[in-house]
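Data block below; observations after.
The values are calculated or read from the model by the stated rules, or taken from the named source; none is laboratory data. Note that the coordinates shown come from a computational prediction; the quantities given were computed from them, not determined experimentally. Heads up, the Cβs are rebuilt from the backbone with ideal geometry, glycines too, and the neighbour counts pull from every protein chain shown. All accessible areas refer to the heavy atoms of the entire protein, side chains included, with ligands and DNA or RNA removed. Shrake-Rupley method; radii C 1.70, N 1.55, O 1.52, S 1.80 Å.
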Amino acid sequence: MSRAQTASGALGGAIGGGAFVALALALATPTVERWEGTRTDPYKDMVGVWTVCTGETRVTMRRYTPAQCAEMLRHALESDYAPAVLAAVPALHERPYQLAASISLSYNIGIAAFARSTVARRFNLGDWHGGCEAFLMWDRAGGRLVPGLANRPRDERKLGLTDLCRCRPTP
């Protein structure tokens, strides 16, 4: 069984989201991995925060194995980030691509920042395209524009726009 299948099965049961939420985790995990990278030894990120594994800042800073890093990410996305995103934007339960992009964003900027974000506000208003465009606002670190950071929100925006026309309510 692949890591995505294992993770998606666990998520669907853990937060009661069913197949859409399970799909969102399977999509979010490689997105987060691609942009965070994985380093098994602690390091300071670009704003000076001690970090280890796949962007994790909330654990003991020590060396981890790649398997421990993968499990740490799976657990964080399933237990912390996905439920928090769904609490902030309940309608994402039925929108796996927008949920996956939002999980990735919240992992990058934090749960509280996501809940206050323009992305969340627009999604809560039913402005799905506008919410996806708002991912592009997140191109800074420590308040400074970082050209390389513009790529991650573009990727999250693209993921969020996937299959969006099918999700629009019919009149």
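Below is a table of values for the structure above.
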quantity	calculated
Filter result for the condition that a residue is touching a residue at least 12 places away in the same chain (Cβ under 8 Å), more than 28 Å from H129 (Cβ to Cβ) and open to solvent by 60 Å² or more (accessible area, probe 1.4 Å), over T65, T54	T65
Qualifying residue in the range 53-60 (condition: closer than 24 Å to P147 by Cβ and not hydroxyl-bearing (S, T, Y))	yes
Those helices (runs of 4 or more DSSP H) lying entirely in the range 103-157 with at least 2 residues within 19 Å of L25 (Cβ to Cβ)	111-116, 118-124
Cross-chain or 6+ apart pairs with Cβ under 6 Å, the range 127-138 first and farther than 10 Å from R157 by Cβ, then open to solvent by 70 Å² or more (accessible area, probe 1.4 Å)	G130/R122
Conditions (1) surrounded by 21 or more Cβ atoms within 10 Å (Cβ to Cβ); (2) closer than 15 Å to W128 by Cα: number failed by E78	(2)
Subset of the range 108-120 [open to solvent by 20 Å² or more (accessible area, probe 1.4 Å) and touching a residue at least 12 places away in the same chain (Cβ under 8 Å)]	N108, I109, I111, A115, T118
Close pairs from the range 140-161: first under 19 Å from G130 (Cβ atoms) and in contact (Cβ under 8 Å) with a residue 24 or more places away in the chain, partner open to solvent by less than 60 Å² (accessible area, probe 1.4 Å) and assigned to a loop (DSSP other than H, G, I, E, B), Cβ under 7 Å, at least 6 apart	P153/D139
Residues satisfying the stated conditions in the range 1-36, i.e. modelled with pLDDT under 50 and not in a helix (DSSP H, G or I)	M1, S2
Selection status of A87, of a type in the set (A, V, I, L, M, F, W, C), open to solvent by 50 Å² or more (accessible area, probe 1.4 Å), modelled with pLDDT of 95 or more and assigned to a helix (DSSP H, G or I)	yes
